[in-house]
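Here the structure comes first, spelled out in structure tokens, and everything after it is commentary.
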Amino acid sequence: VLKQQPGIADAQVVAVDIGGTPRAVAFVIVDDDPAPAPESLIQACTSAMASFKAPARVWLMDEFPVTPSANGVKVQRNKLRDRALALLAGEADQ
């Protein structure tokens, strides 16, 4: 659903624990200026899928962390998960 939104070049979704509940969060790379608002992307997902599948947060990135492999370039989802946890911890500190 995220990749179908205007201005989105790519998206990755990872699961993290938010308030004791596993939730999806997303990182997106935009290909349009101005970038779509994260809240509008969350709303688009909520309208198109079950609420527990929609991302609780969406963060914009310039590029995903990747590593080369024998089968091509792979997105390092563990680094995305770590980044999400750090961003959520920063929200809690505010």
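The values are calculated or read from the model by the stated rules, or taken from the named source; none is laboratory data. Given the structure is predicted, the values throughout are model-derived calculations rather than measurements. Here the Cβ positions follow ideal geometry from the backbone for every residue, glycine too, while neighbour counts run over all protein chains shown. Calculation scope for accessible area: heavy atoms of the full protein, side chains included, ligands and nucleic acids excluded. Shrake-Rupley method; radii C 1.70, N 1.55, O 1.52, S 1.80 Å.
Annotations
- Against the conditions (1) touching a residue at least 60 places away in the same chain (Cβ under 8 Å); (2) within 22 Å of V66 (Cβ to Cβ), I18 satisfies every one except (2).
- Restricting the first member to segment 69-81 and to residues that are free of Cβ contacts under 8 Å to residues at least 40 places away in the same chain, and the second to residues that are open to solvent by less than 100 Å² (accessible area, probe 1.4 Å), the beta-carbon pairs closer than 6 Å and six or more apart or on different chains are V73/V66; K74/T67; Q76/P65; Q76/T67; K79/P65.
- Scanning segment 41-61 for residues that are under 19 Å from L88 (Cα atoms) and loosely packed, with under 12 Cβ neighbours inside 10 Å yields one hit, F52.
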